[in-house]
1. Quick check: the distance between the Cα centres of the range B:291-310 and the range B:213-278, to the nearest angstrom?
2. In terms of modelled amide H atoms, which long-range or inter-chain residues lie less than 5 Å from the amide H of A:ALA38?
3. Assuming 0.36 nm per residue, please report the length gained on full extension of the stretch B:LEU298 to B:VAL64 beyond their Cα-Cα distance.
4. Pick from A:GLY233, A:GLY43, A:GLY218 the residue whose mean-square fluctuation is largest in a GNM of chain A, springs joining Cα atoms under 10 Å.
5. Under 8 Å for C-alpha pairs, at least 6 residues apart: give me the relative contact order for chain A, rounded to a whole percent.
6. Using 0.36 nm times the number of residues separating B:ARG186 and B:VAL13, minus their current alpha carbon distance, what extension gain do you get?
7. State, as an integer percentage, the relative contact order of the range A:151-306 based on alpha-carbon contacts under 8 Å between residues 6 or more apart.
8. Of all beta bridges DSSP finds with both residues in the protein assembly as shown, what is the antiparallel percent, to the nearest 5?
Amino acid sequence: MQASPLLRAEGLVTHLFTDSGRVRAVDGVSLEVRAGEAVALVGESGCGKSMTALSLMRLVRPPGRILEGVVEFEGTPLLPLSDAEMRRLRGGRLAMIFQDPMTYLNPLMRVGAQIVEAIVLHQKVSAQAARTIALEALERVRIPAAATVLDYFPHQLSGGMRQRVLIAMAISSRPSLLIADEPTTALDVTVQAQIMQLLAEVRRALGSALLLITHDFGLVAEYCDRVYVMYAGQIVEEGSVFDVFERPRHPYTRALLRSTLGPDKRVASFTTIEGQPPSLIAPPRGCRFHPRCPEAMARCASESPPRFGLGVGVAARCWLHAGDAPAGREVAHG
Amino acid sequence: MLFYVARRLAQAVPLVFVIILINFFLIHAAPGDPVFVLLGSMDTTPEFVERVRREFGLDQPLWVQFATYLGKILSLDLGYSLRFQEPVLGLILDRLPATLLLMGTALTVSSVVGILLGAIAARRPYSVTDHASTIVALAGYSMPVFWLGQIMLIVFALHLAWFPTQGMYSLRAPSEGWGRVMDIARHMVLPVITYSVYHLALVYRLTRVKMQETLALDFITTARAKGVPEGRVVFVHALRNAVLPVVTVIGLNFGFMLAGSVLTETVFAWPGMGRLLFDAIGARDYPVLMGLFTVLSLMVIIANVITDVIYAMVDPRVIYR
Ligand SMILES: Nc1ncnc2c1ncn2[C@@H]1O[C@H](COP(=O)(O)OP(=O)(O)OP(=O)(O)O)[C@@H](O)[C@H]1O
Ligand SMILES: [Mg+2]
């Protein structure tokens, strides 16, 4: 038996009610992150990864709305919590960092003040003590001359330094889960590696779990234990990183791997998957991947495949596995 | 910061020079003998005309005349009013406090109220209150000041008699202390409202738009993700950022408000510079007009310097590069 997970989402549905129609950005997502674990959420641009993360943090803003599902964090269901209770978790036990460090810091506030703000919201400490904690956090993310940087404004820092500041802010209250939404996409390649190393290091030091959102399988292989593959608002495959790389069960995962990994499975240049990602306003009937799928069968166009459990922690949403699934392990969503 | 203020002031100097230059050429561009421009339609003797011609150096070459004119202004000599038989500078300085009091109050009230209402409206865009306040703002925005002033006078001063109709103080009110402050305040209510309506509507509309834009920015998400309460997100994180362009517009608007003081002060017989300008136009009192033009231009330049300094105080990116 597994201990109950740190974070569990079940049948999460978040749609955006836009002028051009209802965008089904998150359409029945279930996932788990266990304490201390590093989990990846991968998928093409626009498949709903960020919306999933925002839903987990309950940070979805209009026109978006969480419609149904369960989100449990440390055993507490989050969706019924009051706004004030939710705020106590955000930036405390449950923290998040974002894609573009250039725009995610307030340009008019000193770096130190922004970190201190996060600290005094979650820890009962004096302003002076909060400053000391902020300094420690900056030192933990290896910012040189951290004491000076506290008094800097964001525009005085490089992109890599700003992402370090955002990480320092996120870890200042020692979260048990850090959600990182493409934390290195906007950075130079050399800086990307440094930031990923840093995240791994910080995670080890604090024992935090990590939910890493990315479309880079290279990062998944190097830094994560398990992976969820997302397509058009749904999780189509899940498994340990080893499993998914060795035996990808879903044709989409195979295509995604081929597009990022060369024949010898080393990270190669990025080639895209054939066909267009589907519209999330009117997703294809049946399996959402079937119009692009090289292995599509007649049934794929009409019936939406359920989630087929294929072993401990391994599952795929694909009719190819209709025969493989052990009896009683078929779980349908949506 | 001090260095920035000094630099900004230094940049204003050439501007002042240009204003004086334009002012000077305005006199000379006017058709006919500048002496008669200066004298207006006064009945004068030839000797007086000669005296004025000499006094203003109008018998000298143009560049000498300009140097003299510049010298006079720099030594705070703005000439002599023919109508009031008084130095122009004294006339203006007498009326400056009344105008600054009225304008300053109106500018402060309308800016603060406009920014707050705009920020509140942006929190719930497209709600009923938002639509209603937008319509009211639009009305305020397009209301002619002169007409509004008259209506206010008729309704609140004449019919309801809640406020005095004219001037800055009553003769029977105490001439010092708290009683006098209250008396002036009562006289200020209607002109301040008249003055504020347009500006308030402008500030409100701009703040609302800028707040909506700012609330959609990424760092607002960061603030929410770290657990900052919504009130603080709006009034600390978003408002400071949203208000920057509003500060610029308020500063630019200072000039328009000064121009508007002619109307408001005339309607309410407020003893300020706008009223003086109106009277000077009526009396073709050119020295007063030219003096007012110089002083008003100077005030606008100073207001812009102050605006820039306030902007720099809010936005560190201006100074720390
Ligand atoms: N504010 C919004 N208004 C309308 N549609 C939106 C909005 N935000 C996101 N979407 C749509 O929702 C879908 C999911 O977006 P999301 O940002 O979650 O994608 P993503 O997987 O994070 O992509 P990326 O890799 O580009 O970050 C996309 O199709 C996007 O167009
Ligand atoms: Mg995203």
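1. Answer, in whole Å: 18.
2. Long-range HN contacts for A:ALA38: A:LEU210, A:ASP225, A:ARG226.
3. Working: separation 234, 0.36 × 234 = 84.24 nm, distance 2.33 nm.
Here the answer is 81.9 nm.
4. Highest fluctuation of the listed residues: A:GLY218.
5. Across chain A, relative contact order equals 19 percent.
6. 58.4 nm
7. Reported relative contact order: 14 percent.
8. Details: 34 of 53 bridges.
Around 65 percent of the beta bridges assigned by DSSP in the protein assembly as shown are antiparallel ones.
Read the figures in this text as sums done on the coordinates, not as results from a lab. What you are looking at is a predicted structure, and each value in this text was computed from that prediction instead of being measured. In this analysis, Cβ positions are derived from the backbone assuming ideal geometry, glycine residues included, and neighbour counts consider all displayed protein chains.
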